[in-house]
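First comes the structure, then the notes that go with it.
The values are calculated or read from the model by the stated rules, or taken from the named source; none is laboratory data. What you see is a predicted model; the values in this text were computed from it and never measured. Reconstructed Cβ throughout: ideal geometry from the backbone, glycine too, with neighbour counts over all protein chains shown. Ligands, DNA and RNA are stripped out before the accessible areas are found, and what is left, the full protein with its side chains, is counted by its heavy atoms. Shrake-Rupley method; radii C 1.70, N 1.55, O 1.52, S 1.80 Å.
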Amino acid sequence: MRREQTRQVRIGDRVIGGGNPILIQSMCNTKTEAVEDTVAQIHALERAGCDIIRVAVPTREAAAALSRIKKEIHIPLVADIHFDYRLAIAAMENGADKIRINPGNIGSKERVKAVVDCARDRKIPIRVGVNSGSLEKSLLEKYGGVTAEGLVESALGQVALIEEMGYDQLVISIKSSDVMMCVRAHELIAQRTDYPLHVGITEAGTVTAGNIKSAIGLGLILNQGIGDTIRVSLTGDPVEEVKSAKLILKTLGLRKGGIEVVSCPTCGRTCIDLIGLAGKVEKLAAEFDQLDLKLAVMGCVVNGPGEAREADLGIAGGMGEGLLFRRGEILRKVPEEELLEALRQELVSLAGE
């Protein structure tokens with residue numbers, strides 16, 4: 001089931017599925033009941049381009065805090081619930097736009113029904129989340145351990161349970177830290193359901209390792225037309241998750257907007273501090289997210305001029321200086337220490353156009 005064919009599900013003022021743009025999610029690592037800290041982090045995530053934010057709700061205090069958080073933010077708020085069905089209900093009563101549960105750890109069928117009834121009454125979607133670390137014992141025995149087939153069977157079984165209770169505003173996630181197992185699970189489930197899919201590689205790791213695993217896994221899944229919303233899971237600042245997700249979507253041609261910075265890896269021919277400059281340019285580019293263009297930062301005369309000419313804006317480094325290009329034309333030669341400011345001026349000009 002390609003994303004154009006999945007059901008539409010409304011989450012606050014956003015819609016996923018049915019060919020709508022793939023939305024980026026992240027999750028706060030603050031204590032939810034620490035409202036000021038949580039709101040500050042969500043604001044930073046909003047500025048980075050986060051579309052939907054999730055918070056943990058492990059206590060009554062956390063559930064109660066949702067109503068205060070909701071008033072201060074501008075994107076849909078998702079409550080992450082485990083074990084206690086009463087917290088799911090409290091989260092919805094306090095304004096959650098969506099809840100994430102694993103029905104398998106909520107408890108009895110009656111408790112799951114209480115959550116579903118509340119969601120139906122309030123028209124709040126439920127994300128049915130299954131992780132490789134929480135697969136049912138019966139499925140572990142059936143498949144001889146954690147497998148893609150077991151993840152799919154678990155998720156669809158829990159979806160069927162909620163459907164029997166008369167509710168179908170659902171989003172499915174099946175995550176594993178095993179990248180290829182996760183890819184296979186999404187390929188299988190896309191053949192068997194039209195519910196929108198939340199895609200991610202769970203427990204992917206630190207910023208470096210997690211980015212590589214997520215880029216490979218999400219790339220393989222999304223490039224098949226599977227997936228309606230994504231999260232890059234990193235052990236680090238959640239803002240990095242959003243930056244990485246945006247870049248993955250842009251690289252796959254699934255999202256437009258924002259500046260794409262390309263830079264050469266440098267070599268012994270480089271005569272300016274290109275590594276330092278490239279880092280500064282990347283930060284500068286983030287200030288102009290309204291622009292949709294390619295910016296090249298190149299270090300020498302071998303590939304530099306050609307690459308810079310192919311970009312909308314670019315630098316080709318020389319001996320303590322650089323040539324500034326704009327849409328294939330050389331604008332001027334600029335001393336190394338003035339290159340960043342020269343780029344800023346050109347970006348301001350392009351933004352004005």
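How much length is gained if the chain between D121 and E93 is pulled fully straight, taking 0.36 nm per residue apart and subtracting their Cα-Cα distance, in nm to one decimal?
Taking 0.36 nm per residue and subtracting the Cα distance, the gain is 9.0 nm.
Hey, what's the chain come to in accessible area per residue, 1.4 Å probe, Å²?
Heavy-atom SASA per residue in the chain reads 45 Å².
Which net charge results when you count Lys and Arg as +1 and Asp and Glu as -1 among the other residues whose beta-carbon is under 11 Å from that of R10?
Cβ neighbours under 11 Å give a net charge of +2.
Suppose R0 equals 25 Å. What FRET efficiency, 1/(1 + (r/R0)^6) with r the Cβ-Cβ distance, do R60 and A160 give to the nearest 0.05?
About 0.20, to the nearest 0.05.
Carbon and sulfur: what percent of the chain's accessible surface (1.4 Å probe)?
C and S fraction of accessible area: 49 percent.
With unit charges on the beta carbon (Lys/Arg positive, Asp/Glu negative), name the residue among L170, L222, G210 whose Cα is farthest towards the positive pole of the charge dipole of segment 155-222.
With unit charges placed on the Cβ atoms, the residue in question is G210.
Starting from 0.36 nm per residue, how many nanometres of slack lie between Q224 and V348 once their C-alpha separation is accounted for?
Result for the pair: 40.9 nm of gain on full extension.
Can you figure out the FRET efficiency of I330 with K250, using R₀ = 22 Å and their beta-carbon distance, to the nearest 0.05?
The value I calculate is 0.20.
Applying the Karplus parametrisation 6.51 cos²θ - 1.76 cosθ + 1.60 with θ = phi - 60° to the phi angles of segment 336-344, what ³J(HN,Hα) value in whole Hz is obtained for each residue in order, glycine and proline being reported as x?
Once rounded to whole Hz, the list reads 3, 6, 10, 5, 4, 5, 5, 5, 4.
Tell me the label-point distance for the pair D168, F83, using the 7 Å Cα-to-Cβ offset, in nm and rounded to one decimal.
My value for the distance between the label points is 3.5 nm.
Among E93, E241, E338, determine the one that fluctuates most according to a GNM of the chain built with springs between C-alpha atoms less than 10 Å apart.
Maximum fluctuation in the GNM of the chain, among the listed residues, is at E338.
Using only DSSP helix segments of four residues or longer, with each worth -39500 (n - 2.57), what per-residue ellipticity at 222 nm results for the chain after dividing by its residue count and rounding to 500?
Result for the chain: -13500 deg cm²/dmol, rounded to the nearest 500.
Quick one: of K246/K283; K246/K294; K250/K283; K71/K283; K113/K175; K71/K256, which pairs are farther than 19 Å apart, Cα to Cα?
From K246/K283; K246/K294; K250/K283; K71/K283; K113/K175; K71/K256, over 19 Å: K71/K283; K113/K175; K71/K256.
What percentage of all Cα-Cα pairs in segment 201-320 are separated by more than 17 Å?
62
If you place +1 on the Cβ of every Lys and Arg and -1 on the Cβ of every Asp and Glu, how big does the dipole about the Cα centre of the chain come out, in debye to the nearest 20?
So the magnitude is around 700 debye.
Loop-only trypsin sites (Lys or Arg not before Pro) in segment 54-139, please: DSSP not H, G, I, E or B, and at most 15 other Cβ atoms within 10 Å.
K123
Taking 0.36 nm per residue of sequence separation and subtracting the Cα-Cα distance, how much length would be gained by fully extending the chain between L293 and I216, in nm to one decimal?
Between L293 and I216, full extension yields an extra 25.3 nm.
Per residue of segment 231-245, in order, report the coupling 6.51 cos²θ - 1.76 cosθ + 1.60 (Karplus, θ = phi - 60°) as ³J(HN,Hα) in whole Hz, putting x for Gly and Pro.
Along segment 231-245, the couplings run 9, 8, 8, 10, 7, x, 5, x, 4, 5, 4, 5, 4, 5, 4 Hz.
Apply 1/(1 + (r/R0)^6) to the Cβ-Cβ distance of K142 and R10, taking R0 = 45 Å, and write down the FRET efficiency to the nearest 0.05.
Result of the calculation: an efficiency of 0.80.
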